[in-house]
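Novice: Below you'll find the structure I mean.
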Amino acid sequence: MISVHDSNRLKAVALVMRGLERPVVREINTRTRDELGPLWKSLVELHAQQHVDFQVLAKGARLKPGNPPQVIAASSRRRMAGGLIPAEQFHIREFGGTRDALTTYSRRGRRGGTHQVTRHTARQLPPRYRKGRVVWPAFAEFAPRAVSLWVQTVVRTVMDAVDKEAN
Amino acid sequence: MATGINISLVSDVRDFLKGTKDAGAALDDVVVSLEDVAKEGTTTADKLGQDFQDVRNDGTRAAERMEREFEDAFKAVKRDASDASRDVSRSMKTAGDDCVNVVDEVKNEAKQNFAEMASSFAGDMDSAVDLVQGTLAGLASSIPGIGIALGGLGMVAGTMYSEWNENAAKTSARIAQMYDDMRESGDRYLSGEYIHQAISDIISGSADAVISLKEVQEIAQATHLPEGTVLAAAAGDGESLAQVLPRVRAEVDRYKEAINEAKAASDGWADTTMLEESMGIWKYYVKDLEGVTSSIETAAGKADLYNQAARRIRENSPGEEEAQRFRGMGIAIDDATKALNALPTDKTITIAVDTSGVHDQIRRALAGEAFTIPVMAARTGKAVY
């Protein structure tokens, strides 16, 4: 993630955004959302490799305009068939899990009674990805373009406001 | 509650803004960094008649350069996480100090440029006589080819910043006016005269107005209240405020409910940003009107203090009749003092008193001799014999 301290442009835009009048900010937010929202959504979907990635990570991918804008993904709080809640457990799909994990649990035998078995219970998970599989790579691709476009949007909208005021 | 993945495009913005005390000066420093964006955005769009979308797709040099710049910045963060994090976690004090030094330099330069700019662009800048505007515009004019484009950006942002910075001063001035009004009337509420003036300010779009007429109309329309009531509330009429403020707060609650409903219906992934933005606007309205209420309360508190002090003074002072008597006594004492001061140091005074009884006794004792009293050092406060 880029810090505001790394660029004078970002400092300028952050300061301008803070001082602008509400209608201008509203216009900037609308433009930012309209331009960047679909781009973000499509990038996350592009990086989603499996159907379950769509279900867990890409669902609800959107851009929240503001100062600064934020990207949102994996925001669904509906419990999935297996019990996973995307908003709370997205990291399993995004960063993978320990596929070798063994779990010992009790089960009922065919001839009655219960006994304990030890099984691999995380084989369905993707392997570990330290830098993320879907959302993080999408963000790495999206962020420079998005920040650049946000700066342009702010400048352009302010210029339009100047023109409007002048006319 | 977990909210899924939520990443800011740019980090540390909140801390940066919080740590920037003089936003106008800080903007002076960095607005020049947008010169290429402002220039290319304007020239491309103006020359080719392109709209915003086209400008984006056109991939102007500034945009490409900027994208590369941000890519490099992102890569730098990746390459050396420790350095980057050190930069990110720089103390706000250091950042602030750097800013102040640079700002001073830029300011001096900009002031010089302003003079040059004023001579060249006087005709175009009639409305931009404010120093803040002029300074920013001057800075822009010193960059070949940018001129008015960046000046415009600076002016708008600068002007808005001035307004933003003046808000606190305006509130203080408003409280002072309200206090004067209450002190004169002796009431804890604003006089009709004050409220009429405030209403006129709103209608005429005066800089002193708490809220714009357009906002009044928006509030009236959404809350189904008469515009006059909303106007009076914004002007400081207590009864109207009591009617309007709950309705405006209710609007905020209505948006909150709508957002929650939308999220619940979609299990949290619904795009509610439009609703959130609208709610934000209504929150501003609540803040504006609460600002009026709190100003009135502050002014009333001050007026109370004044009245208490005035009452105390009255209670401790003598009544008018008594004061008159004291004043009369004072004058008499002054006259007597003057008369005594006019006397020579040695004087024989014959006191005309009814001394017949004494005389009889004296006459009997002394056989009718004269009786004299010598006066020595006849001055106030000294013995008179």
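Novice: Criterion first (facing another protein chain (nearest Cβ under 8 Å), in contact (Cβ under 8 Å) with a residue 12 or more places away in the chain, under 25 Å from residue A:137 (Cα atoms) and in contact with a Lys or Arg (Cβ under 6 Å, 6 or more places away or on another chain)) does residue A:87 satisfy it? Show your work before the answer.
Specialist: Numbers: facing another protein chain (nearest Cβ under 8 Å): yes; in contact (Cβ under 8 Å) with a residue 12 or more places away in the chain: yes; under 25 Å from residue A:137 (Cα atoms): yes; in contact with a Lys or Arg (Cβ under 6 Å, 6 or more places away or on another chain): yes.
Yes.
Novice: A further question on this structure: Since residue A:131 meets every condition but one in (1) at the interface with another protein chain (Cβ under 8 Å from one of its Cβ atoms); (2) assigned to a loop (DSSP other than H, G, I, E, B), which condition does it not meet?
Specialist: (1)
Novice: Give me a count of the residues in segment A:21-51 that are at the interface with another protein chain (Cβ under 9 Å from one of its Cβ atoms), of a type in the set (A, V, I, L, M, F, W, C) and in contact with a strand residue (DSSP E or B) (Cβ under 8 Å, 6 or more places away or on another chain).
Specialist: 1
Novice: Oh, and also: Name every residue in segment B:12-27 that is assigned to a helix (DSSP H, G or I), surrounded by fewer than 24 Cβ atoms within 10 Å (Cβ to Cβ) and either within 23 Å of the chain's Cα centre (by Cα) or at pLDDT below 85 (or both), in order of residue number.
Specialist: Of everything in segment B:12-27, those that are assigned to a helix (DSSP H, G or I), surrounded by fewer than 24 Cβ atoms within 10 Å (Cβ to Cβ) and either within 23 Å of the chain's Cα centre (by Cα) or at pLDDT below 85 (or both) turn out to be B:17, B:18, B:19, B:23, B:24, B:25.
Novice: Separate question: Within segment A:58-75, identify whether any single residue is touching an Asp or Glu at 6+ places or on another chain (Cβ under 7 Å) and either of a type in the set (Gly, Ala, Ser) or under 14 Å from residue B:4 (Cβ atoms) (or both), and answer yes or no.
Specialist: Yes, there is a match, as at least one residue in segment A:58-75 is touching an Asp or Glu at 6+ places or on another chain (Cβ under 7 Å) and either of a type in the set (Gly, Ala, Ser) or under 14 Å from residue B:4 (Cβ atoms) (or both).
Novice: Take segment B:199-211 and flag every residue that is modelled with pLDDT under 85 and either within 14 Å of residue B:289 (Cα to Cα) or in contact with a Pro (Cβ under 8 Å, 6 or more places away or on another chain) (or both).
Specialist: B:209, B:210, B:211
Novice: Going by the structure shown, is residue A:151 within 17 Å of residue A:27 (Cα to Cα) and either in a loop (DSSP other than H, G, I, E, B) or within 14 Å of another protein chain (Cβ to nearest Cβ) (or both)?
Specialist: Yes, satisfied.
Novice: Go over the candidates A:110, A:119 one by one and state the one that is among the basic types (Lys, Arg), assigned to a loop (DSSP other than H, G, I, E, B) and surrounded by fewer than 13 Cβ atoms within 10 Å (Cβ to Cβ).
Specialist: Answer to the check: A:110.
Here's the yes/no breakdown for (1) within 8 Å of chain B (Cβ to nearest Cβ); (2) part of a helix (DSSP H, G or I); (3) of a type in the set (Phe, Trp, Tyr):
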{"site": "A:53", "(1), (2), (3)": "no, yes, no"}
{"site": "A:60", "(1), (2), (3)": "yes, no, no"}
{"site": "A:71", "(1), (2), (3)": "yes, no, no"}
{"site": "A:94", "(1), (2), (3)": "yes, yes, no"}
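Novice: What are the pairs with Cβ atoms under 6 angstrom where one residue, in segment A:4-20, is at positive phi and facing chain B (nearest Cβ under 7 Å) and the other, located anywhere, is of a type outside the set (S, T, N, Q) and buried (at least 24 other Cβ atoms within 10 Å of the Cβ)? Sequence gap at least six, or different chains.
Specialist: Sorted first by the residue in segment A:4-20, then by its partner, the list stays empty.
Novice: Counting just the residues of segment B:268-284 that are under 31 Å from the mean Cα position of the chain (by Cα) and more than 7 Å from chain A (Cβ to nearest Cβ), which one comes out nearest to residue A:87 (Cα to Cα)?
Specialist: Filtering first and then ranking leaves B:276.
The values are calculated or read from the model by the stated rules, or taken from the named source; none is laboratory data. Please read these numbers as outputs of a predicted model, since none were measured by experiment. Please note: Cβ atoms are built from the backbone with ideal geometry, for glycine as well, and neighbour counts cover all protein chains shown.
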